[in-house]
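Comments concern the structure below.
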Amino acid sequence: MSLQHKASAPAGTRRAWGRFLGGGDNALVAAVTLALFLALPIGASGYRLQFATDILAAVVLAYSWNLISGFTGYLSFGQVSFYGLGAYTTALLVTRTALPWPFAIVASGLLGGVVAIVLGPVM
């Protein structure tokens with residue numbers, strides 16, 4: 001019999017968060033991290049916002065790499081080319097047109113998705 005006592009959350013809620021985040025303790029870490037990232041723009045300098053954006057972009061790339069190579073065991077470098085295409089398109093749209101960067105990000109994501117749908121089965 002276990003002597004440890006967990007916080008009294010409904011069992012269904014704990015199981016749902018446990019399945020989603022890999023354990024009950026990870027839910028607290030995820031909530032604190034989310035709160036920090038949502039509070040980051042309040043009073044942060046441009047450098048810190050850029051640094052946080054770079055970190056989040058690297059996290060997205062790492063998660064996609066883990067999904068493709070880690071869970072499935074499939075060795076592919078194709079997803080990196082679509083990531084690079086989106087980044088390059090965003091850079092071109094922001095620097096060479098008058099398009100605001102939020103629209104440039106959405107447009108480059110759509111372009112990367114369309115190219116992935118067309119070229120993905122061949123890669």
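The values are calculated or read from the model by the stated rules, or taken from the named source; none is laboratory data. The structure presented is a predicted model; accordingly, all values stated were derived computationally and were not measured. Ideal geometry is used to build each Cβ from the backbone, glycine not excepted, and the neighbour counts take in all protein chains shown. Side chains are part of the model used for accessible areas, which takes the heavy atoms of the whole protein and leaves out ligands, DNA and RNA. Shrake-Rupley method; radii C 1.70, N 1.55, O 1.52, S 1.80 Å.
Per residue, how many Å² of accessible area does region 47-123 show with a 1.4 Å probe?
Roughly 74 Å² per residue, with all protein chains present.
Explain nothing, just compute: Karplus ³J(HN,Hα) = 6.51 cos²θ - 1.76 cosθ + 1.60, θ = phi - 60°, for every residue of region 78-88 in order, whole Hz, x for Gly and Pro.
Coupling constants for region 78-88: x, 5, 5, 5, 6, 4, x, 4, x, 5, 5 Hz.
Enumerate by residue number the chymotrypsin sites (Phe, Trp or Tyr not before Pro) in region 30-123 meeting two conditions: DSSP loop (anything except H, G, I, E, B), and at most 12 other Cβ atoms within 10 Å of the site's Cβ. Show your work: numbers first, answer last.
On the way: sites: F37, Y47, F51, Y63, W65, F71, Y74, F77, F82, Y83, Y88, F103; in loops: Y74, F77.
Those satisfying the criteria are Y74, F77.
May I ask for the equivalent-ellipsoid semi-axes of region 20-123, computed as the square root of five times each C-alpha gyration tensor eigenvalue and listed largest first in whole Å?
26, 24, 10
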